[in-house]
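Report on the structure given below.
The values are calculated or read from the model by the stated rules, or taken from the named source; none is laboratory data. All of these numbers come straight from a predicted model, not from anything done at the bench. Neighbour counts are summed over all protein chains in view; Cβ atoms, including those assigned to glycine, are modelled from backbone coordinates with ideal geometry. Each accessible area value is taken on the protein alone, full model and side chains, heavy atoms only, with ligands, DNA and RNA left out. Shrake-Rupley method; radii C 1.70, N 1.55, O 1.52, S 1.80 Å.
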Amino acid sequence: MSHPLSAVSQMLERNQALFEGKHLLVCGALEDEYPRDLAGIVRDLTVFTTDYSYFRGQKEALGERIVFGHELGGAPRFDALLLLMPKAKAEAQFLLAMMTPLLLAGADIFLAGDNRGGINGADKLMSPYGGKPVKRDSARRCSLYHGELSQSVPSFRLDDWFSQYQCQLGDTQLTVRALPGVFSASELDLGSQMLLASLPPLTGTLLDFGCGAGVIGSVLAKRNPGLEVTLVDINALALESSRQTLAANGLAGTVLASDVYSDLPGSFDQIVSNPPFHAGLKTHYAATETFLAEAPCHLNGRGALTIVANAFLRYQPILEAAFKQTEIRTMDSKFRVYRSLR
């Protein structure tokens with residue numbers, strides 16, 4: 001069943017002649033099936049995504065043409081790049097720095113996105129790679145810019161893009177390493193601080209769901225020697241950040257890509273999360289609601305789920321429907337920490 005195209009893709013569709021016959025690389029904020037249409041008009045197509053949910057949805061149709069990961073390497077081989085603007089400007093800069101070394105000299109660079117999402121900064125984004133881009137189209141609050149790779153670019157070094165900071169949570173000090181656009185990339189948010197302060201000593205197996213830079217799982221692994229920690233996220237940049245955070249603190253843990261519970265091995269004694277509710281420019285609750293409602297199926301006999309959430313989010317009814325017992329462990333004007341027992 002095909003789904004309607006986004007406004008950005010509809011704008012790209014009417015400019016499709018720009019991509020015909022190209023060796024095209026597509027990356028960024030992918031959200032619909034438009035790359036399948038591109039596959040029919042380009043010479044060859046590579047779609048690079050950091051979103052495991054998108055990858056799972058398109059893998060059957062695109063096959064080897066879609067790649068999931070935190071880094072794409074290899075020799076220059078593309079004569080066109082289409083970057084669909086991500087929400088975070090730093091992530092757009094990161095993707096351009098990674099992708100431009102894969103482009104042949106004189107390659108076309110297309111930037112497309114929602115006018116509310118940073119596309120109007122296309123001139124600055126493009127300045128390290130060539131001249132001033134031309135605005136090819138503007139429709140339905142979206143814009144398409146077209147530039148050219150007209151100067152040599154340095155090779156991409158992933159390590160250059162990690163931010164690093166220290167955070168102190170009670171007696172636990174942690175070094176956090178994170179790639180651009182990852183949750184907790186520059187500082188630890190107040191919700192996660194409240195969540196970590198509310199947790200008792202833990203044993204057995206623990207799942208850190210929506211792990212971001214890996215702060216929650218890493219702090220709990222450091223506080224509770226012997227705790228077996230698994231960290232999952234749909235974002236490849238978050239997963240690599242979590243691996244680096246664990247390594248920077250000398251901690252062991254399993255880091256996995258999973259679309260909610262799609263790829264999880266077995267069940268857990270504890271699930272702990274600061275669940276995400278922002279996706280792109282919209283607010284999506286569906287994945288988090290699924291995560292909460294299905295959590296009991298992924299907990300062992302006396303297992304517990306502990307989450308922190310913005311106070312305005314209506315998670316309590318979902319938890320009370322799914323679990324035998326739910327309590328608010330702590331709260332303030334902004335956040336609530338819920339603990340639910342299977």
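Structural remarks
- For residue 104, the requirement of being surrounded by fewer than 20 Cβ atoms within 10 Å (Cβ to Cβ) and either outside any loop (DSSP other than H, G, I, E, B) or under 19 Å from the mean Cα position of the chain (by Cα) (or both) is met.
- Extreme residue, nearest to residue 98 (Cα to Cα), among residues of the range 152-194 that are under 17 Å from the mean Cα position of the chain (by Cα) and aromatic (Phe, Trp, Tyr): 161
- The range 57-89, subset within 22 Å of residue 243 (Cα to Cα) and either in contact (Cβ under 8 Å) with a residue 60 or more places away in the chain or among the hydroxyl-bearing types (Ser, Thr, Tyr) (or both), residue least open to solvent (accessible area, probe 1.4 Å): 69
- For the range 194-202, the condition holds for no residue, the condition being that it is assigned to a helix (DSSP H, G or I), touching a helix residue (DSSP H, G or I) at 6+ places or on another chain (Cβ under 9 Å) and open to solvent by 10 Å² or more (accessible area, probe 1.4 Å).
- Here the range 294-342 is the region considered, the condition is being of a type outside the set (Lys, Arg) and assigned to a loop (DSSP other than H, G, I, E, B), and the residue that is surrounded by the fewest Cβ atoms within 10 Å (Cβ to Cβ) is 333.
- Check on residue 94, in a strand (DSSP E or B) and closer than 19 Å to residue 182 by Cβ: no
- Of all residues making up the range 157-187, the number that are surrounded by 20 or more Cβ atoms within 10 Å (Cβ to Cβ) and free of Cβ contacts under 8 Å to residues at least 40 places away in the same chain: 1
- Annotation note: of 220, 207, the sole residue that is within 17 Å of residue 306 (Cα to Cα) and in a strand (DSSP E or B) is 207.
- Among the residues of the range 117-137, those identified as open to solvent by less than 20 Å² (accessible area, probe 1.4 Å) and assigned to a helix (DSSP H, G or I) are 117, 119, 122, 125, 126.
- The range 242-263: number of residues that are modelled with pLDDT of 95 or more, in contact with a helix residue (DSSP H, G or I) (Cβ under 8 Å, 6 or more places away or on another chain) and of a type in the set (A, V, I, L, M, F, W, C): 6
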